[in-house]
Amino acid sequence: MTSSLIVIPCRMHATRLPGKPLADIAGEAMVVHIIRLAKAAHAGPVLVATDSQQILETVVAAGGQAVMTRNDHPSGSDRVREAIYAHPAAASADIIVNLQGDLPTLEPDLINRCIAPLTASNETDIATLCAEITEQSEIDNPNVVKVVGTPLQSPGHLRALYFTRATAPSGVGPLYHHIGIYAYRRAALDRFVELPPSTLEKRERLEQLRALEAGMRIDVAIVDTVPLGVDTPEDLERARALLQAKTS
């Protein structure tokens, strides 16, 4: 039977919003919100991977599991990979979900939707999510990453051909906003982290292109909602307002 583990990589020194995982939202640190949402998915144990003693202590005080990792990892994927070999909770996991720690409006079912392409095909190495773009302002926005994919037999699933900050593909048809949650087979995560940064990855500044350039298969589940990512003080205030409205 396939088992999954959700790992939330958290570092203290985000460039645009330092201390982001501990930012207060409705009386709780953001990372605590993410842990609760991840547990609500019932997709497996939840583990925080961090380089901060303060984050670790906050997680443990809230009843969560956390592990300390190096502070020099170039990406969250590298931090996740270290964590799964450093904590007993990860020992039996076949599928590793890399869940960003800055998605406090996440719908928990998106985690299960992200895992689904791996269970639909044994040939899939990595799975992720996208949503059809409905806002005109997103089409030409380089901060909205687009996934170009071809439909699979599994309804609502695409096989990723490319990821880009440009507007693509051209012609008539939907455009898809990539959502940066990933589910890896354990062996695929090991391979991905060991690969050197690739040509297109460096050009587009999108690490998932490293996997495609190496011939790895990424499948994408199409969902209806894009969770708010908190990268700036303005995003944080918006998240606070959204969650306040949800609970009032």
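Data for the structure
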quantity	calculated
Any hit, segment 43-60, residues being out of contact with any strand residue (DSSP E or B) (no Cβ under 8 Å at 6 or more places or on another chain) and free of Cβ contacts under 8 Å to residues at least 12 places away in the same chain	yes
Unmet requirement for Ala187, which otherwise passes all of (1) of a type in the set (Gly, Ala, Ser); (2) at pLDDT 95 or above; (3) out of contact with any Leu (no Cβ under 6 Å at 6 or more places or on another chain); (4) farther than 17 Å from Arg81 by Cβ	(4)
Selection status of Val48, within 25 Å of Val226 (Cβ to Cβ), within 16 Å of the chain's Cα centre (by Cα) and in a helix (DSSP H, G or I)	no
Of all residues making up segment 86-134, the number that are buried (at least 22 other Cβ atoms within 10 Å of the Cβ), under 12 Å from the mean Cα position of the chain (by Cα) and modelled with pLDDT under 95	4
Test: residue in segment 215-224 that is out of contact with any strand residue (DSSP E or B) (no Cβ under 8 Å at 6 or more places or on another chain), at pLDDT 95 or above and surrounded by fewer than 18 Cβ atoms within 10 Å (Cβ to Cβ)	yes
Residue in segment 165-177 that is under 19 Å from the mean Cα position of the chain (by Cα), free of Cβ contacts under 8 Å to residues at least 40 places away in the same chain and part of a strand (DSSP E or B) present	no
In segment 15-41, residue surrounded by the fewest Cβ atoms within 10 Å (Cβ to Cβ) [restricted to those that are touching a residue at least 24 places away in the same chain (Cβ under 8 Å) and assigned to a loop (DSSP other than H, G, I, E, B)]	Arg16
Meets criteria (on the phi < 0 side of the Ramachandran plot, in contact (Cβ under 8 Å) with a residue 60 or more places away in the chain and not basic (Lys, Arg)) for Asn112	yes
Among the residues listed as Val193, Val220, Val226, the single one being among the hydrophobic types (A, V, I, L, M, F, W, C) and assigned to a loop (DSSP other than H, G, I, E, B)	Val226
Residue satisfying all of: in segment 138-164; loosely packed, with under 12 Cβ neighbours inside 10 Å and part of a loop (DSSP other than H, G, I, E, B); nearest to the chain's Cα centre (by Cα) among these	Asn143
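The values are calculated or read from the model by the stated rules, or taken from the named source; none is laboratory data. All of these numbers come straight from a predicted model, not from anything done at the bench. Cβ coordinates were reconstructed from backbone atoms using ideal geometry, including for glycine residues, and neighbour counts include every protein chain displayed.
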